[in-house]
Amino acid sequence: MRGSRREWIILTALLGVMLVAGFLGGRGDEDAAEPRPNPSSYNAKGSGTKGLFLWLQELGFRVRRWEQPLTGLPGEAPILLVVGPRRAIDDAELKALERWVASGGMLVLADDGVGAPIPKIRPEPPLLTFGLRGRLAGKPGELQPAFPSPYVEGVQTIAPTGSVRFRREKPEAWAPLFGDATGDVVGIRRLGRGTVVAIADPGLFSNARIETADHARLILNIVRVHAGRGQVLVDEFHHGHGEQDSFMAYVKRTALPWMLAQAALVFLFLVVARGTRFGSPVAPATGARASSLEYVEALGDLHQRARARRLAAEALAGSLRRRLHGALGSRPGEDAARLAGRAARHLRVKEGQVRLGLRPGPKAVESDEGLMAYARGIHALERRLDRRHAGPQGR
């Protein structure tokens, strides 16, 4: 390497500035405070719904983020989740949404907008189009279902924390599923061949509160009733994703200014170094993924609080089945007994051990200890599968 002592002092100072800039501008979203709630499925913090998105995917639903205006909703998608829209839903989208629901779609719209619209300042709350007006009237507390419904099967209570309650502009159109003396928190309406479920508290299904009361069971029931084999769309367009606006507005919402500043510092570094070589570029190490056992412990805690050990065991069995299908090159519809036999020969374990992993027995769901024992068995099979496919280098 070449360069005077003075140049290396300048280089060290520049690197220090880059480290400080990277720390201040590149901190992960999960470590930063939330200035306002953001119910986006990209948000892993408390107010986000990333946990719900990943959970539904793990349960086998075809979940997809929708980053376009609602005027282009596909007719084959049976269900749409719109949770706490931060961008106004315009008139054209609302009309398209009404047509989509009337043709057989299922809309879950969680919004706590209140008050009358103010032109160019505050848009009309979207649920007003469907005959509901939000108002500040209620108090936090636990609510029980108002009447039996497939949506509330296994749901004993929900616990809204906001004070927004719905007032029915068209009382004959809406059925209050959850509510109190001040108004409705969850309402249902039939519209043509479709259904609208309105929720006054978008935070029910947030990362921080989905495990509270029976919120997880409520949204799972809604999705199960309507999703079938179709896609579950999650609106992200009204959280700012996919929108087209000015370049400067885009820059202000991203880390691009910090990236440009760091690029300028790198340029200065190259000028000072004058051809100094530090070797070939080294690819950043890929962080180790969490083991299946760690994942199981987290998922198991969620299901335990939602009183759904059976769902947790089924999710684990489905994960193992997909891993075996991929490793053995079999078709997804292959008989479980045949798959267990092939997997046992491949892994050199007893066939009964694989069968138990593919079909959790009663002991796996009758207690938390049984579920964890079943999870450890799945983890052992997956580790054995990883070692079998790691080759000589991985042994």
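All of the numbers you see were taken from the coordinates with simple rules; none came from a lab. Keep in mind that what you see is a predicted model, and the values were worked out from it rather than measured. Every residue, glycine among them, receives a Cβ derived from its backbone with ideal geometry; neighbour counts consider all protein chains shown.
Given Cα pairs under 8 Å that are at least 6 residues apart, what percent is the relative contact order of the stretch 50-239?
Relative contact order comes out at 33 percent.
In a solvent-free Debye calculation with one equal scatterer on each Cα, what is log10 I(q)/I(0) for the stretch 50-239 at q = 0.16, 0.20 Å⁻¹, listed in the order of the q values?
The calculated log intensity ratios at q = 0.16, 0.20 Å⁻¹ are -1.01, -1.69.
What distance in nm separates the two pseudo spin-label positions at Ser330 and Lys363, each 7 Å out from Cα along the beta-carbon direction?
For Ser330 paired with Lys363, the spin-label model returns 2.3 nm.
Return the equivalent ellipsoid semi-axes of the stretch 189-236 as a descending list in whole Å, where each equals the square root of 5 times an eigenvalue of the C-alpha gyration tensor.
Here the semi-axes work out to 21, 13, 11 Å.
Below 13 angstrom from the Cβ of Arg168, what's the summed charge of the other residues (Lys, Arg +1; Asp, Glu -1)?
The answer is +3.
Under a Cβ-Cβ cut-off of 9 Å, what is the net charge of the residues other than Arg133 that fall near it, where Lys and Arg count +1 and Asp and Glu count -1?
Net local charge, Arg133 excluded: +2.
In nm, to one decimal, how far is the Ala92 label point from the Glu211 one, both placed 7 Å along Cα→Cβ?
My value for the distance between the label points is 4.4 nm.
Given labels modelled 7 Å from the Cα in the Cβ direction, how far is it in nm from Thr161 to Ala173?
About 3.2 nm, to one decimal.
Distance check, please: which entries in Lys45/Lys139; Lys95/Lys139; Lys50/Lys95; Lys45/Lys363 exceed 30 angstrom between their Cα atoms?
Over 30 Å Cα-Cα: Lys95/Lys139; Lys45/Lys363.
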